[in-house]
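Have a look at the structure below before the remarks.
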Amino acid sequence: MFAAIRSHGCKAGLALNPGTPIEAVEPFLGEVDLVLVMTVQPGFGGQAFRDDTLPKIAQVDRWRAQRGLDLRIEVDGGIDLATAALCRAKGADTFVAGTSFFKAKDKAAFAAAIAAL
C-alpha cells in the first residue's frame, strides 16, 4: 500500500486517533514518512489538547531512535505554544496549529514561536 503511494512521488503517513492503541502503527513504521498523532478526536476545531496522547508521541520517538527511522512525528489538535512545547519534549517535530493561530493577536509572533520549538 505505501509503496503504491511512493510510486507516484508522494510521501506516505499514518494518523493515530486518541483512542487507537499506539501498537497499531508499529508494524508500519519502516514504511511511512510520517506518523500523525491526533491530540484531539478529529471532527471540529477548538478542542482541548489531550495530555493522554503524550506517551504515544514518546513511544513513536523511541521506536524511531531504536530503529534509525527517518520519519516525522506530527501532532494535531489543541496545539498552542504550551502544548507544542510538551509535544516537542516528547519527540514531535511537526505541528498543526489551527484555532490557536487564527485566534492569536500577533500571528507573526505566534508563527515565530512555533518555528523556534
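Taking every eigenvalue of the Cα gyration tensor of region 2-116, multiplying by 5 and rooting it, what semi-axes result, largest first, whole Å?
25, 16, 14
If R₀ is 25 angstrom, what is the calculated FRET efficiency for the pair GLU23 and LEU81, using the beta carbon separation as r and rounding to 0.05?
0.20
Using a simple spin-label model with points 7 Å from Cα along the Cα→Cβ vector, what separation in nm is obtained for ALA65 and ALA4?
Result: 3.6 nm between the two label points.
Cut-off is 10 Å between beta-carbons; in what order do MET1, MET38 appear when sorted fewest neighbours first?
With the sparsest Cβ surroundings first, the list reads MET1, MET38.
Using a 7 Å offset from the Cα along the Cα-to-Cβ direction at both THR94 and GLN47, what is the distance between the two label points in nm, to one decimal?
For THR94 paired with GLN47, the spin-label model returns 2.0 nm.
Place +1 on the Cβ of every Lys and Arg and -1 on the Cβ of every Asp and Glu in the chain, take the dipole about the Cα centre, and give the residue among ALA24, LEU36, ALA109 whose Cα lies farthest towards its positive end.
Positive-end residue among those listed: ALA109.
Just so you know, all these numbers are worked out from the coordinates, no wet-lab data involved. Worth saying up front: this structure is predicted, and the values here are computed from it rather than measured. Backbone-built Cβ (ideal geometry, glycine too); neighbour counts: all protein chains shown.
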